[in-house]
Every structure is written in structure tokens, then in C-alpha cells.
Amino acid sequence: MTTAEELAAIAVEVARGAADHVRTRRAELIDDVSSAFRSDAVTTKSTPTDPVTIVDTETEELIRRELARLRPDDDVLGEEDGGSVDVPDGVRWVVDPIDGTVNFLHGVPAYSVSVAAQVGGESVAGAVVDVARGMVYRAHRGGGAWLEAGGGTDPVRLRATPVESVSMALVATGFSYQADRRAAQGALIAALLPRVQDVRRIGSAALDLCMVAAGMVDAHVEHALNPWDWAAGALVAAEAGAVVRTPAPTSRSADGLPTVAVAPGIADEFLALLEELGGLDPL
Ligand code: IPD
Ligand code: CA
Ligand code: CA
């Protein structure tokens, strides 16, 4: 049987190759004069504010080709090309070819490739590549969370912050593409804001979760994520010692459930605060 560590090595290899593709294609699809993304390379999905580029599509195809070559018997669930919602008997790869497409389009350097391996609906291995910075976050169950910053440096073991009070917590969050849900999410964040150090909306849930692992933020909370948004990043956060709550593996954004990752020293207090504000209910 393949170990979780071996699955993590595959996740890293596949996600790195995909990130190289994303980087190369962005440069090719930028108009030299306006610096804008070529309009014929972009369409929209669930709402007019939910973009998908040809790079999202190509990159998922590339990831699926690589997984089919390396792991021909496994299932794949991906944002762009779908997959079964049922939890299979064997390994399922859960893939977001670009997490942070709005940033990718606008040139904000916070978008990632996320590749996770799940067994029985639980993430056992995962890799998230911060494309613009060339940094690789990886984890496998029981093996800790690691950051490869590149440039020949050794991987660094990640730990969530030792923060002890929610009032000093920097909290990352994000918003759905549905206008009604956004209004509810905004109201929750407005209620949270006076109770924490500050709030960040970075634009890639996978990176938000890895930033909890890396101690850059103290917590991440977001409703209505899909499994491909959290599958790798939540494992990285958990393996860095964060307390993590994810929706069920079969749950989709439509269910509106929260994903939470929080440094252990403030986990009880933060979860109690969310409960007080209605933030553990579906939005
Ligand atoms: C989105 C990003 C964003 C989050 C949204 C996601 P996409 O993923 O993770 O940070 O707030 O909920 O849908 O669409 O860029 O893959
Ligand atoms: Ca995503
Ligand atoms: Ca995506």
C-alpha cells in the first residue's frame, strides 16, 4: 500500500508542475501594452464575479493527465472538470488548479495550486504551491507541515502561532461569489472585527490555511468553501498544530458550512466567539 508520505511526494510533484504551467501561461496571456489579461482567455462560472480562465482549465487537464500517469486507479475530484461527490473506496485526489483566480487575473500575487489525496474522505496528504512566490507547502498525516521556500534552502517545519488571546489574533477570511451569502459573510466579519487584532481577505483559501500553518495569521474562517479549496490547506494547518474544522467531504459550497483553522492557544475562545456571533451556523 502506498504511504501518506508517498502520496504527499506525488502531490508536490504534480502541484509544482501545474504551478510552472500557471506561471508561464500568465506571462503569455498578458497584454504587453495594457498589462490586462487577454479578454478572450476569460469567461465566468456561477455568477458574473466568478471568473474562469483558460489557464484554470488547462492546468486541471494537466494535473489530471499527470495523476492518470502516476496513479491510474485513483479517483479525481477537481473544480473545473468535476468528479463524483461520493467517497470512493481507494484514494481520491482533490484538486484546485488555481485557487485565487481573481488575484491571478488582476496580477495580485496570491494564487495557488492545491492538490490533496483523501482516503475515506479524510485528507492524508497535500501540497499547496504559492505560484507567484514559488513556495511549496506540504503535509502528510502524522508527518508535520513543511514549507519549501526554494533557492536551495532546506524545508522548514511549520507551527501555528503561540497567540493566547483572540483580541490579538490576525484573522484571514474570504467571501463566496453569491451576493446574498456575501452580505451575510460581511455582517459576520463586521461583528468579528472589533473583537480581534485585524482581518485579512487575501483571496486564496488554500493559502489562508497555509498561512495559519506558517504563523502568518492566527486563524482562518470562511463559509461555503468547496472541498478543493480546503482539502490540502486544512491538512497543512492541522499538521502545524492548528485546530481545524472542515465541512464533510461530500459537502459543497451550497451547504454554506464554515471551515475554521485556528492556533491552538485561542481555539476554544475563537470557536466560542464564532458561536456567539452565529459563525458556526451555515451562511
Ligand atoms: C476562491 C478563493 C477565495 C475564496 C472563495 C473561493 P477560486 O477560490 O479560495 O479566497 O474566498 O470562496 O471560491 O474561485 O479562486 O478557486
Ligand atoms: Ca478555490
Ligand atoms: Ca479555482
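The values are calculated or read from the model by the stated rules, or taken from the named source; none is laboratory data. The model shown is predicted, which means the values in this text are computed figures rather than measured ones. Glycine also receives a Cβ, built like all others from the backbone with ideal geometry; neighbour counts cover every protein chain displayed. Heavy atoms of the whole protein, side chains included, go into the accessibility calculation; ligands, DNA and RNA do not. Shrake-Rupley method; radii C 1.70, N 1.55, O 1.52, S 1.80 Å.
What percent do you get for the relative contact order of region 169-240 when only Cα pairs under 8 Å and 6+ apart count?
Across region 169-240, relative contact order equals 42 percent.
Under the 0.36 nm per residue contour assumption, what length would be gained going from the current alpha-carbon distance of Asp281 and Asp31 to full extension?
Computed gain between Asp281 and Asp31 is 85.6 nm.
What is the ratio of the Cα radius of gyration of region 73-228 to 2.2 N^0.38 Å, with N the residue count, to two decimals?
For region 73-228, the normalised Cα radius of gyration comes out at 1.09.
Under 5 Å between amide H atoms, partner at least 5 residues away or on a different chain: which partners does Thr259 have, H built in plane at 1.01 Å?
For Thr259, the qualifying residues are Glu222, His223, Ala224, Leu225.
For region 1-74, how big is the tail of P(r) above 17 Å, as a whole percent of Cα pairs?
56
Place the peptides 242-248, 203-209, 270-276, 46-52 in order of packing, highest mean first, counting for every residue the other Cβ atoms within 10 Å and averaging per peptide.
With the highest mean Cβ count within 10 Å placed first, the list reads 203-209, 242-248, 270-276, 46-52.
Take the alpha-carbon centre of region 42-102, take the same for region 212-283, and report the distance between them in whole Å.
Distance between centres, Cα-based: 22 Å.
Divide by every residue of the chain the summed helix terms, -39500 (n - 2.57) for each DSSP H run of at least 4, and state the resulting mean residue ellipticity at 222 nm, rounded to the nearest 500 deg cm²/dmol.
After summing the helix terms and dividing by residue count, I get -10500 deg cm²/dmol.
Kindly provide log₁₀ I(q)/I(0) values, in the same order as q = 0.21 Å⁻¹, from the Debye equation applied to equal alpha-carbon scatterers of region 37-97.
Evaluating at q = 0.21 Å⁻¹ gives log10 I(q)/I(0) of -0.84.
Hey, how much of the P(r) for region 57-146 falls beyond 14 Å, as a percent of Cα pairs?
Beyond 14 Å sits 67 percent of the P(r) for region 57-146.
Given the Cα-Cα distance of Arg157 and Ala191 and 0.36 nm per residue of separation, how much length would full extension add, in nm?
8.8 nm
For the chain, what is the largest minus smallest coordinate of the Cα atoms on each principal axis, given in angstrom and ordered from greatest to least?
49, 47, 40
In whole percent, what relative contact order does the chain give with Cα contacts below 8 Å and a gap of six or more residues?
Reported as a whole number, the value is 17 percent.
Taking θ = phi - 60°, what integer Hz values does the Karplus form 6.51 cos²θ - 1.76 cosθ + 1.60 yield along region 201-208, in sequence order, with x for Gly and Pro?
My calculation for region 201-208 gives 10, 7, x, 9, 4, 4, 5, 3 Hz in order.
What ³J(HN,Hα) values, in whole Hz, does the Karplus curve 6.51 cos²θ - 1.76 cosθ + 1.60 give for region 273-283 when θ = phi - 60°, with x put for Gly and Pro?
Each residue of region 273-283 in turn: 5, 4, 4, 4, 8, x, x, 9, 7, x, 10 Hz.
Name the residue farthest towards the positive end of the dipole of the chain from the options Ala184, Gln197, Leu147, assuming +1 on Cβ of Lys and Arg, -1 on Cβ of Asp and Glu, about the Cα centre.
Farthest towards the positive end: Gln197.
Given H placed on each backbone N at 1.01 Å, which residues far from Arg200 in sequence or on other chains put an amide H within less than 5 Å of it?
Val171, Ala172, Thr173
Read phi for every residue in region 22-36 and hand back ³J(HN,Hα) as whole Hz from Karplus 6.51 cos²θ - 1.76 cosθ + 1.60, θ = phi - 60°, with x for Gly and Pro.
Per-residue couplings from phi come out as 4, 5, 5, 5, 4, 4, 6, 9, 8, 6, 4, 7, 8, 6, 8 Hz.
Would you mind getting the accessible area per residue of the chain, heavy atoms of the protein chains only, 1.4 Å probe, in Å²?
42
For the charge dipole of region 25-109, defined by +1 on Lys and Arg C-beta atoms and -1 on Asp and Glu C-beta atoms about the Cα centroid, which residue among His106, Gly83, Val94 has the Cα displaced farthest towards the positive pole?
Checked the options; the winner is His106.
Dividing the alpha-carbon radius of gyration of region 127-204 by 2.2 N^0.38 Å (N being the number of residues), what value is obtained?
1.42
Quick check: convex hull over the Cα atoms of region 173-279, volume per residue in Å³, rounded to an integer?
Convex hull volume per residue, Cα atoms: 90 Å³.
What size of dipole, in debye to the nearest 20, comes out for region 1-136 about its Cα centre when the only charges are +1 on Lys and Arg C-beta atoms and -1 on Asp and Glu C-beta atoms?
That gives region 1-136 a dipole magnitude of about 380 debye.
Along Cα→Cβ, 7 Å out, is where each label goes; now give me the distance between the ones at Ala149 and Glu122 in nm to one decimal.
3.3
Packing-wise, with mean Cβ within 10 Å as the measure, how do 260-269, 1-10, 223-232, 191-200 rank, highest first?
223-232, 260-269, 1-10, 191-200
Which percent of the accessible heavy-atom area of the chain goes to carbon and sulfur, probe 1.4 angstrom?
Using a 1.4 Å probe with all protein chains present, the chain comes out at 51 percent carbon and sulfur.
Expressed as a rounded percentage, what relative contact order does region 47-139 have, with Cα pairs under 8 Å and six or more residues apart?
Over region 47-139, the number comes to 20 percent.
Suppose we look only past 13 Å in the calculated P(r) of region 92-133. What percent of the Cα-Cα pairs does that tail hold?
Result: 53 percent of Cα pairs exceed 13 Å.
About the Cα centre of the chain, how large is the charge dipole given +1 on each Lys and Arg Cβ and -1 on each Asp and Glu Cβ? Please answer in debye to the nearest 20.
The dipole of the chain has a size of about 440 debye.
Ranked highest first by the average count of other Cβ atoms within 10 Å around their residues, in what order do 94-101, 23-30 fall?
Output ranking for 94-101, 23-30: 94-101, 23-30.
Which value, in debye to the nearest 20, gives the size of the charge dipole of region 25-90 about its Cα centre, when Lys and Arg are +1 and Asp and Glu are -1 at the Cβ?
Result for region 25-90 is approximately 220 debye, rounded to the nearest 20.
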